[in-house]
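Novice: Next up is a structure, given as structure tokens.
The values are calculated or read from the model by the stated rules, or taken from the named source; none is laboratory data. Owing to the predicted nature of the structure, the values given are computational and were not obtained by experimental measurement. Virtual Cβ from ideal backbone geometry, glycine too; neighbours counted across all protein chains shown. We work out accessible area using only protein heavy atoms, side chains counted, and drop any ligands, DNA or RNA first. Shrake-Rupley method; radii C 1.70, N 1.55, O 1.52, S 1.80 Å.
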Amino acid sequence: SRGFTGYRPVRRAIWHKGRDMSRRAFTLIELLVVILIIALLVGISVAVGRTVIGGGKVGQTTNVIRALEVVLGDYTSSQGRIPDPYVLIPHTEAVYFPVMDGRNMEINDSGVVPSGYQMINSVGLFQFQMAQSQVSMEALEGLDAKFRRMYSPYSNPTAGHEIPTVFDAWGNPIRYVHPAWDGTIVGPDLDSPANPPVQGISVETAAPLLDVRLPSGSQWGITEVRRNNRDTGSPPERAEQFADSDGGVSANQRPYFYSAGPDGRVGFADSNGNGRLDPGETDYNADNVYTVKPLFRD
């Protein structure tokens, strides 16, 4: 028994010695290979994580747009018609804003970027209209505070008051397009605009041509608007040089909602100046989020 008892420590010593030798045999090249594999795995994990996060934001934005479509459907069912293309501004007498996904060219934000400045808060104005339907308002007020909060698109606080606005998952206001103001609206020719100017067009001029009639004795709260779908600067440097909208035309004369996507930009960069999207030019509509796809004219 003594021989057996004395044998065990010797065996253990040999085993530990072998393990120590294997550690010394772990070379620098092997370490570098392990580090490289770990780096590759981390890179793949980050890439997959970004994709999941991006996909999650698209899904969240899609759900927000669907909620707005339900609100619109409730309103249409209760009122028997789609909302008007204009809305009475609260606390005013017969002053109406065009509910347009376009730019308020009356506001002078020259030199100000990003392009969100000067934009008419279309989905905010849409919410004013929903006040006529209790069901619709309850649905709007039920939205997560992450996606509905106070906002003004103007850099000058005195240019426009903050109103409740619905946002996408990237923090950009959702866009609302009324069929009365869809397509592109630039002066002076509404039907076939060529090289749309930086300036806009008078609402009083545009509205009758688009068969938009205000109630008798009322007036427009915005005097000059523009809805184009391409940059008017190369590259744009001022707010009014960015594209205003996706340029979409509503299907079946029904309003639609959309998000400008992660880049917050719409339309396209018309670097050739020919009024259409050519190969090599940036299409900012490519990452827009829709649930109802509009039509696009050449």
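Novice: Can you name every residue in the stretch 193-229 that is without any contact (Cβ under 8 Å) to a residue 24 or more places away in the chain and closer than 22 Å to residue 107 by Cβ?
Specialist: Once the filter is applied, which keeps residues that are without any contact (Cβ under 8 Å) to a residue 24 or more places away in the chain and closer than 22 Å to residue 107 by Cβ, the stretch 193-229 yields 202, 204, 205, 206.
Novice: Let me ask something else about it. Limited to the stretch 265-280, what total is found for residues that are surrounded by fewer than 16 Cβ atoms within 10 Å (Cβ to Cβ) and free of Cβ contacts under 8 Å to residues at least 60 places away in the same chain?
Specialist: 7
Novice: Exactly one of these conditions fails for residue 129: (1) open to solvent by 10 Å² or more (accessible area, probe 1.4 Å); (2) modelled with pLDDT of 80 or more; (3) within 30 Å of residue 211 (Cα to Cα); (4) among the polar types (S, T, N, Q). Give me its number.
Specialist: Here residue 129 meets the rest and fails (1).
Novice: How many residues does the stretch 88-128 hold that are closer than 17 Å to residue 166 by Cα and of a type in the set (Val, Ile, Thr)?
Specialist: Qualifying residue count, the stretch 88-128: 3.
Novice: Failed condition for residue 87, given (1) closer than 20 Å to residue 185 by Cα; (2) β-branched (Val, Ile, Thr); (3) crowded, with 23+ Cβ neighbours inside 10 Å, with all others met?
Specialist: The single condition residue 87 does not satisfy is (3).
Novice: Sort through 143, 190 and tell me the only one that's part of a loop (DSSP other than H, G, I, E, B), in contact (Cβ under 8 Å) with a residue 60 or more places away in the chain and of a type in the set (A, V, I, L, M, F, W, C).
Specialist: Exactly one residue qualifies, and that residue is 143.
Novice: Across the stretch 281-298, what is the total count of residues that are surrounded by fewer than 17 Cβ atoms within 10 Å (Cβ to Cβ) and either closer than 16 Å to residue 231 by Cβ or free of Cβ contacts under 8 Å to residues at least 12 places away in the same chain (or both)?
Specialist: 4
Novice: Could I ask something else about it? Looking only at the stretch 263-298, which residues are outside any loop (DSSP other than H, G, I, E, B) and closer than 12 Å to residue 242 by Cβ?
Specialist: Within the stretch 263-298, 268, 284 qualify.
Novice: Can I ask one more? Go through (1) at negative phi; (2) surrounded by fewer than 20 Cβ atoms within 10 Å (Cβ to Cβ) and name the single condition residue 168 misses.
Specialist: The number of the failed condition is (2).
Novice: Which condition does residue 226 not pass, out of (1) in a loop (DSSP other than H, G, I, E, B); (2) open to solvent by less than 80 Å² (accessible area, probe 1.4 Å); (3) of a type outside the set (A, V, I, L, M, F, W, C); (4) in contact with a strand residue (DSSP E or B) (Cβ under 8 Å, 6 or more places away or on another chain), if it passes all the others?
Specialist: All conditions are met except number (1).
Novice: Continuing with the same structure: Taking residue 105 as the residue in question, decide whether it is of a type in the set (A, V, I, L, M, F, W, C), touching a strand residue (DSSP E or B) at 6+ places or on another chain (Cβ under 7 Å) and closer than 30 Å to residue 232 by Cβ.
Specialist: Spelling it out, residue 105 is indeed of a type in the set (A, V, I, L, M, F, W, C), touching a strand residue (DSSP E or B) at 6+ places or on another chain (Cβ under 7 Å) and closer than 30 Å to residue 232 by Cβ.
Novice: Filter the stretch 229-264 down to residues that are closer than 17 Å to residue 115 by Cα and surrounded by fewer than 16 Cβ atoms within 10 Å (Cβ to Cβ) and give me whichever is modelled with the lowest pLDDT.
Specialist: Taking the candidates together, the pick is 234.
Novice: Across the stretch 108-125, what is the total count of residues that are touching a helix residue (DSSP H, G or I) at 6+ places or on another chain (Cβ under 8 Å) and outside any loop (DSSP other than H, G, I, E, B)?
Specialist: 1
Novice: Would you pick out the residues in the stretch 52-107 that are in a loop (DSSP other than H, G, I, E, B), of a type in the set (Asp, Glu) and in contact (Cβ under 8 Å) with a residue 60 or more places away in the chain?
Specialist: 101, 106
Novice: Being in contact with a Ser or Thr (Cβ under 7 Å, 6 or more places away or on another chain) and open to solvent by less than 60 Å² (accessible area, probe 1.4 Å): is that true of residue 151 here?
Specialist: yes
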